[in-house]
Structures are given as structure tokens and as C-alpha cells.
1. Got a sec? Which of 53, 49 is under 16 Å from the mean Cα position of the chain (by Cα), within 30 Å of residue 205 (Cβ to Cβ) and in a strand (DSSP E or B)?
2. Could you look through region 2-20, keep only residues that are in contact (Cβ under 8 Å) with a residue 24 or more places away in the chain and of a type in the set (D, E, K, R), and pick out the one that is farthest from residue 81 (Cα to Cα)?
3. What number of residues in region 21-56 are without any contact (Cβ under 8 Å) to a residue 60 or more places away in the chain and aromatic (Phe, Trp, Tyr)?
4. Given the options 215, 156, name the one that is in the same structural domain as residue 239 (by TED's automatic domain parsing), within 24 Å of residue 92 (Cα to Cα) and surrounded by 18 or more Cβ atoms within 10 Å (Cβ to Cβ).
5. Would it be correct to say that residue 156 is in contact (Cβ under 8 Å) with a residue 12 or more places away in the chain, of a type in the set (Gly, Ala, Ser) and assigned to a strand (DSSP E or B)?
6. Anything in region 10-31 that is among the charged types (D, E, K, R) and either surrounded by 16 or more Cβ atoms within 10 Å (Cβ to Cβ) or not assigned by TED's automatic domain parsing to the domain that holds residue 81 (or both)? List them, or say none.
7. Mind counting the residues in region 32-73 that are over 30 Å from residue 263 (Cα atoms), out of contact with any Gly (no Cβ under 9 Å at 6 or more places or on another chain) and either at pLDDT 95 or above or not assigned by TED's automatic domain parsing to the domain that holds residue 107 (or both)?
8. With the requirement that a residue be outside any helix (DSSP H, G or I) and farther than 25 Å from residue 12 by Cβ, what does region 176-225 give you?
Amino acid sequence: MNFQRLIVERRGPVGWIINNRPERLNAYDALMRSEFPRAWAELNADPAVRVIVHTGNGRAFQVGADVGDLDGDGVRQFQDTLRTLDLKLTGWHCNVDKPVITAVNGVCAGGGLHWVADADVVIAASDASFVDPHVSIGQVSALETIALMRKMPAEAVLRMALVGSHERLSAQRAYELGMISQVVDPPDKLRDAAQELAEKIARNSPAAMRATKRALWGALEYGLTDACREGAKHLTSMWGHADQNEGPLAFAEKRTPNWQPLEPDS
């Protein structure tokens, strides 16, 4: 597919989505919003891709919606997606069942936090920073920060949301709070680190990872007992799958497992 605001690449078993509007700090306009679901779908459907990494070109990862695009029809279309929760921005929004890594380069602001909240794993360059300016420009901080409260302390999210543009989280502080799991230094090694991590993940059973991802993300929608019941369904969904025999056999034979390609949902 052709993309104007994104770059979609493949590096071995790893698919890459790269925000490519550096002159606007990768702020998303209507065109970029329309490209995200196509990019996620393309890589999710590619059997050669086992892990997807999302990052940005330039000095910012993402700074949210381009306010210059939010006038007339643009703002009405954007409001409609918010009212219906039909955002289609992140892998989680687009029902991507492969592991997703967000690699934050530079500034991540406002709506850019969607991809931090919704990724399976987040790493960041040591010079990355995080800020939520919504209330400082008279807007409500809600969807991104609600999602972030699933993965880090509530007070840390509330502080970021209420202090607004007057304070930024450094990469190190984000790591301490559990927002991200790795700080990469020097910053120019971020993509190498993301590729290395993705290749580690890609060595595992695609089917088992899909079931695991569904079980763990699904747990956030339930109380403990119901989450465990749902998790058991995903666990037993792998019974009889060829990978369950291949894994122990490859371990015993001291070789790399020959995993089955990820089958589409029935």
C-alpha cells in the first residue's frame, strides 16, 4: 500500500510503522489518521511479520492531533471518532493480535500517549519526554490517561494530566513509574534496541503469543475471577496446537523451534 504520512517497513520478522511528518512533530492530521488502520492491518495480516514496532522520524515521536487540521469538516470527523470510540489509531484500537512495541523518540505529547498506553511493550530513548498539555489549552484529558491508569500509578497519571504543559516526565522518571520498560542510551541506538527486542519476542510461538496477549489484555476488562475464567479459555485454545508439541521437542533436541504460521481467526 502507498502511505504519505507513515513509512511501513519489514526487517526480518519485524514490521515497522514510522510516523513520518517530522516538520509537524508527527502530529496526526486526517490523512495520517486514515493511514494508521491500513498500516496496522497490512502488518497484522503478513505471515512473515511476527512483531510490530512503532516509532517516529525527527525530534518527536508524536504530539497528538494537529490543531491546524481541526476546523470545519476536519473537526467534525474527529469529534465523531471520539463520540463513537472509533479512533483506529493504535494497534489495540485496530485489534492487532501480534506483539506491539512502541519506541519513543523525543517528545511524546497529548494524543501521542495513546500509543504508549496501548502498546504491549514501550521503550524510550534517554532524551525522550512525556507531557499531557490538554488542560493547559482548555481541553479534557481522558482517553489516553484513562488507558495509562491501567499500567502505572493513578497519582502519577493524575499529576501529569492536571499539571499539563507545565511539567514533563523524563524517560528515566517514566521508567521509574512503570510507563516504559527500558531507557535506551545513547538515543541514536533506540531503533537497534527495538529491533533486538522484537527479534527476541519473534522467536516465540506466534499462536501462543496471540493467545497470551488476548488473555492478559482481556484481564483488564474483568474482575479477578472472571479474568481467570477468560484466561483459561485462551489457555485451552492452544491445546492440540502443533506448537505445543514442537516447543518441548525443540528444547529436548537443542534446536530452534519450527513454529506454525499464525492462522487467521476463524
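1. Exactly one of 53, 49 is under 16 Å from the mean Cα position of the chain (by Cα), within 30 Å of residue 205 (Cβ to Cβ) and in a strand (DSSP E or B), namely 53.
2. Of region 2-20, the ones in contact (Cβ under 8 Å) with a residue 24 or more places away in the chain are 3-8, 10-20.
Narrowing the set further to residues that are of a type in the set (D, E, K, R) leaves 5, 10-11.
On the way: 5: 19, 10: 30, 11: 32 Å.
Among those that are in contact (Cβ under 8 Å) with a residue 24 or more places away in the chain and of a type in the set (D, E, K, R), it is 11.
3. Residues flagged as without any contact (Cβ under 8 Å) to a residue 60 or more places away in the chain and aromatic (Phe, Trp, Tyr) within region 21-56 amount to 2.
4. On the way: 156 fails: in the same structural domain as residue 239 (by TED's automatic domain parsing).
Sole residue among the options that is in the same structural domain as residue 239 (by TED's automatic domain parsing), within 24 Å of residue 92 (Cα to Cα) and surrounded by 18 or more Cβ atoms within 10 Å (Cβ to Cβ): 215.
5. no
6. If we filter region 10-31 for residues that are among the charged types (D, E, K, R), which is where we start, we get 10-11, 21, 23-24, 29.
Scanning region 10-31 gives 21, 24, 29.
7. The number of residues fulfilling the criteria is 1.
8. Answer for region 176-225, where residues must be outside any helix (DSSP H, G or I) and farther than 25 Å from residue 12 by Cβ: 177, 178, 179, 220, 221, 222, 223.
The values are calculated or read from the model by the stated rules, or taken from the named source; none is laboratory data. If you're wondering where the values come from, they're calculated on a predicted model, not measured in any experiment. All Cβ positions, even for glycine, are placed from backbone atoms using ideal geometry, and neighbour counts span all protein chains on display.
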